[in-house]
Amino acid sequence: MKTNKQSEQTVEVECAFCGGTGKDPFGLMSPLATCQVCSGSGRHLLMTPIAPCAFCKGAGVHPHTRMTCTGCGGIGKAHIQADSVACPACQGTGNQDSNALWPDSPFYCGYCHGIGLVSPVRATLWADNKQVKEQ
């Protein structure tokens, strides 16, 4: 049985964590240590379309630390749906509940996983769930 598989287009992007060098950007283990995100290649293949990670602002580094971004895994970009809209939970910031008591929360938004964008269906589900909770 043959399946008609739609070919997905991919794009090669520079590793945001190491800046494309393939080396550990912080030199913690050794100046010769390879980047743990790209395994030393300095590049990543992502399916298109892509968007920069809102949580780390495309840097690939978890804000205020030397760890990889938990939202994008250190790549700095992520695959998104073509008609994505701003995440209603974080208003596109990628941060957990931007209206919370802890505005500089070290956690990414659990609804969009830090990317800041969601599919229109997920945005509608968020609005519907919010209306139910308010009733």
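Please treat every number below as a calculation from the coordinates, not as lab data. The structure displayed is predicted, hence computed values, not measured ones. Note that we place each Cβ from the backbone using ideal geometry, even for glycine, and neighbour counts take in every protein chain shown.
At a glance:
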{"read-out": "Pair list, Cβ < 9 Å and 6+ apart or interchain, from the range 37-53 residues that are free of Cβ contacts under 8 Å to residues at least 24 places away in the same chain and of a type in the set (S, T, N, Q) to residues that are part of a loop (DSSP other than H, G, I, E, B) and surrounded by fewer than 18 Cβ atoms within 10 Å (Cβ to Cβ)", "value": "Ser39/Gly22"}
{"read-out": "Test set (1) closer than 30 Å to Ala127 by Cβ; (2) surrounded by 16 or more Cβ atoms within 10 Å (Cβ to Cβ) - Cys15 fails condition number", "value": "(1)"}
